[in-house]
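Notes follow once the structure below has been shown.
Bear in mind these aren't lab numbers, they're just calculated from the coordinates by the rules spelled out. Just so we're clear, the structure is a prediction, and the values are computed from it rather than from any experiment. Glycine gets a Cβ as well: all are built from the backbone with ideal geometry, and neighbour counts include every protein chain shown.
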Amino acid sequence: IPTEIKRICCIGAGYVGGPTMAMIAHKCPQIDVTVVDINPQRIAQWNSDELPIYEPGLDEIVKEARGRNLSFSTNVDQGIDQAEMVFISVNTPTKTFGVGAGRAANLEYVEKCARQIARVSTGHKIVVEKSTLPVRTAEAVKRILSSGETKASFQVLSNPEFLAEGTAIDDLLAPDRVLIGGECANAIESLVNIYANWVPRERLLTTNLWSSELSKLTANAFLAQRVSSINAISALCEATEADVDEVARAIGTDSRIGPKFLKSSVGFGGSCFQKDILNLVYLCEYFGLPEVANYWEQVVAMNDYQKRRFVTRILRTMFNTVSDKKIGIWGFAFKKDTNDTRESAAIYVCRDLLLEKARLDIYDPKVPQDQIKRDLMWALTDQGAMSSEQAQAAIEENVRFADGCLPSATDAHAIAVLTEWDEFADVDFQAVHQVMKKPAFVFDGRNVLKDMDLRQLGFDYYGIGF
Ligand code: NAD
Ligand code: UGA
């Protein structure tokens, strides 16, 4: 097994595959990196000036390496064939059907990759699990790779990704750690050698395969648990005149607790926290550990409660009806600096407001309107709440899109801030107050306008946890 890799292929040109491979190509000009995907539109976007994902700093890195040692292609077979190391970075969504529906990870795409690698490969290949996977998936991957007619031989490594969207490039440039799990010292070393081009050796952690797989689910579960914990306290703060940001600061200065990830919000979103916790819950049940499963499930239950609670507060404050009232929605992405809306709290808040027959005027600086419409269609028809025709009509009648904060606020009874975009703090709130109906309600689901003296300007201002 060579420990100096010259050609890499990554299957899956998504939020993880694209940026991580761009970073490897950027930092390792001696390595040829090909990212392949079955979605031709996505590949075309990676090859254009308009990349498929918005991520600060990504454009520069892709443009610098593309055409030199970074390429994007739909030719998956060729990509696999030519590489010594193949990353699997495909999506692993929550299963929506059959056994484990709503909880277990859908491993269909990972398994298809493993079968394709087995079919195409000759010689020796190192297969790297980059996707987030249930613990012991590598066992299945190894069995698939070694079954059938294949003449090739394989080593499987686990190398979960810890980047967060919106800060992906910074996270990849200076990761807290890179985790590599495996069974073969040479294979591990070959991957260590790649990251060592820019990551200090002491940050390259090596473990056995199963610890590596399980650490990824555990890390996300712990991070989400912190958000749910502070959100639980936010409800108590609202009932007691304590202020959740003060409580967070007070506990976060204890070095054992630490200050990060204690920002109370309308609820965590993103493609992974909920999916990974539910996967963990499913695994615990599978291994006969119902108490452990119940413990982690509460993190998701608390998050659902927080999203519902936000809408309930809007309703109660606005005299128990928002029917036919215009509400300006500021932000739809699941966090700032990304165009990603997967599991965004905004989807659920907007759905519940639409079910209350509110009229929404949505502004997000990065999320395309079509994406928002698709998200709302899904949410309104989920579990049969509405038929497709009803949902379509509700969206056509009651959803508008604004190209800025002020138009979104014009003639609105309320504003709901759902993403913490920096530009919201630069808005002229005197002008906003003038164009709104009175009383002018602001519900700040991110506490980003807390220091703007909105109450003094005449707004009825409500945040989270105070
Ligand atoms: P994504 O949906 O953005 O991208 C996955 C890509 O894989 C898609 O473009 C899809 O077309 C492609 N694909 C699926 N099956 C394929 C196949 N058989 N052959 C070729 N291409 C195929 O997903 P993502 O957000 O990049 O996440 C990928 C994995 O990384 C998931 O397991 C996720 O849990 C994990 N992860 C995500 C993040 C994040 O911030 N998004 C962070 C860390 C880990
Ligand atoms: C998260 C993890 O932070 C990454 O380490 C991990 O790699 C990734 O999931 C993944 O596996 O997909 P991401 O979801 O991109 O990254 O973004 P986060 O910054 O973690 O935010 C997640 C959600 O929690 C957002 O909706 C954010 O607004 C919310 N959040 C975060 C809070 O409400 N309060 C906080 O203090 C922190």
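Ignoring solvent entirely, what values of log10 I(q)/I(0) come out of the Debye formula for the chain at 0.06, 0.13 Å⁻¹ when each Cα is a single scatterer?
Result of the Debye calculation: -0.29, -1.23.
Whose amide H sits under 5 Å from the amide H of A105, counting only residues 5 or more places off or on another chain, with H placed in the peptide plane?
Those lying under 5 Å, H to H, from A105 are K95.
For Cα pairs less than 8 Å apart in space and 6+ apart in sequence, what is the mean separation divided by the residue count of the chain, i.e. the relative contact order in percent?
Numbers: 901 pairs, mean separation 55.7, N = 466.
Rounded, it is 12 percent for the chain.
Hey, what did the range 273-462 get for relative contact order, percent, Cα under 8 Å, at least 6 apart?
The normalised contact order for the range 273-462 reaches 19 percent.
Given the range 7-207, what percent of its DSSP beta bridges are antiparallel, to the nearest 5?
Values: 2 of 30 bridges.
The answer is about 5 percent antiparallel.
Tell me, what HN-Hα J-couplings in whole Hz come from the Karplus equation 6.51 cos²θ - 1.76 cosθ + 1.60 at θ = phi - 60° for each residue of the range 263-272, using x for Gly and Pro?
For the range 263-272, the Karplus curve yields 8, 5, 8, 5, x, 6, x, x, 6, 10 Hz.
Which entries in K63/K336; K357/K437; K63/K130; K307/K357; K307/K437 show an alpha-carbon gap greater than 20 Å?
Values: K63/K336 23 Å; K357/K437 18 Å; K63/K130 23 Å; K307/K357 18 Å; K307/K437 25 Å.
Going by Cα-Cα distance, K63/K336; K63/K130; K307/K437 fall outside the 20 Å limit.
Given axes a ≥ b ≥ c from the Cα gyration tensor, I'd like to know whether the range 273-462 is rounded (a/c under 1.5), prolate (a/b larger than b/c) or oblate.
Values: a/c = 1.96, a/b = 1.58, b/c = 1.23.
Taking the square roots of the gyration eigenvalues as a ≥ b ≥ c, the range 273-462 is prolate.
Taking the alpha-carbon centroid of each part, what is the distance from the range 316-348 to the range 21-47 in angstrom?
So the two Cα centres are separated by 34 Å.
Which aspartates and glutamates have a Cα lying under 13 Å from the Cα of K326, excluding residues fewer than 8 positions away in the same chain?
Counting by Cα, and skipping residues close in sequence, K326 has these aspartates and glutamates nearby: E356, D361, E397, D411.
Answer with one residue from G166, W198, P290: the one whose Cα lies farthest towards the positive end of the charge dipole of the chain, charges on Cβ with Lys, Arg +1 and Asp, Glu -1.
In the chain, that residue is P290.
Give the order of M318, M23 when sorted by the count of other beta carbons within 10 angstrom, beginning with the fewest.
Working: M318 19, M23 26.
The order, fewest Cβ neighbours first, is M318, M23.
Quick check: Cα centre of the range 259-278 to Cα centre of the range 132-206, how many Å?
Going from one Cα centre to the other spans 24 Å.
Report, in debye and to the nearest 20, how large the dipole of the range 7-207 comes out about its Cα centre when Lys and Arg carry +1 and Asp and Glu carry -1 on their Cβ.
On the way: 20 positive and 24 negative charges, 130 e Å.
Dipole about the Cα centre, nearest 20: 620 debye.
Mind pulling the angle between the C-alpha long axis of helix 137-146 and the longest principal axis of the chain? Nearest 10 degrees, somewhere in 0 to 90.
Computed tilt is about 40 degrees.
Gap in Å between the Cα centre of the range 389-404 and the Cα centre of the range 61-100?
A separation of 36 Å, based on Cα centres.
Cross-link candidates for K6: which aspartates and glutamates have Cα within less than 12 Å, leaving aside residues fewer than 8 places away along the same chain?
Output for K6: D32, E84.
Ignoring everything except DSSP H segments at least 4 long, calculate the 222 nm mean residue ellipticity for the chain; use -39,500 (n - 2.57) per segment, divide by total residues, nearest 500. Write out the running numbers ahead of the final one.
On the way: 17 runs with 203 residues, N = 466.
Mean residue ellipticity at 222 nm (helix-derived): -13500 deg cm²/dmol.
In Å, what is the Rg of the alpha-carbon atoms in the range 12-70, and how long is Dmax?
Rg and Dmax of the range 12-70, Cα atoms, are 10.3, 29 Å.
Based on the alpha-carbon gyration tensor of the range 302-413 and its eigenvalue square roots a ≥ b ≥ c, which shape applies: rounded if a/c is under 1.5, prolate if not and a/b is larger than b/c, or oblate?
Working: a/c = 1.16, a/b = 1.04, b/c = 1.11.
In terms of gyration-tensor shape, rounded.
Rounded, prolate or oblate for the range 1-134? Axes are the square roots of the Cα gyration tensor eigenvalues, ordered a ≥ b ≥ c, and the cut-off for rounded is a/c under 1.5. Intermediate results must be reported in sequence, preceding the final value.
Values: a/c = 1.96, a/b = 1.24, b/c = 1.57.
Verdict is oblate for the range 1-134.
Can you compute the charge dipole magnitude of the range 273-462 about its Cα centre, using +1 on each Lys and Arg Cβ and -1 on each Asp and Glu Cβ, nothing else charged? Give it in debye, rounded to the nearest 20. Walk me through the numbers before you get to the answer.
Values: 23 positive and 30 negative charges, 112 e Å.
In debye, rounded to 20, the range 273-462 gives about 540.
On a 0 to 90° scale, report how tilted helix 388-398 is relative to the longest principal axis of the chain, with both axes built from alpha carbons and the result rounded to the nearest 10.
Compared with the principal axis, the helix lies near 50 degrees.
Under the Karplus relation 6.51 cos²θ - 1.76 cosθ + 1.60, θ = phi - 60°, what is the ordered set of whole-Hz ³J(HN,Hα) values for the range 301-318, x standing for Gly and Pro?
3J(HN,Hα) across the range 301-318, in whole Hz: 4, 5, 5, 5, 4, 4, 5, 5, 4, 4, 5, 4, 5, 4, 4, 4, 5, 8.
Between Q430 and A385, 0.36 nm times their residue separation minus their Cα-Cα distance comes to what?
On the way: separation 45, 0.36 × 45 = 16.20 nm, distance 3.92 nm.
Length gained, Q430 through A385: 12.3 nm.
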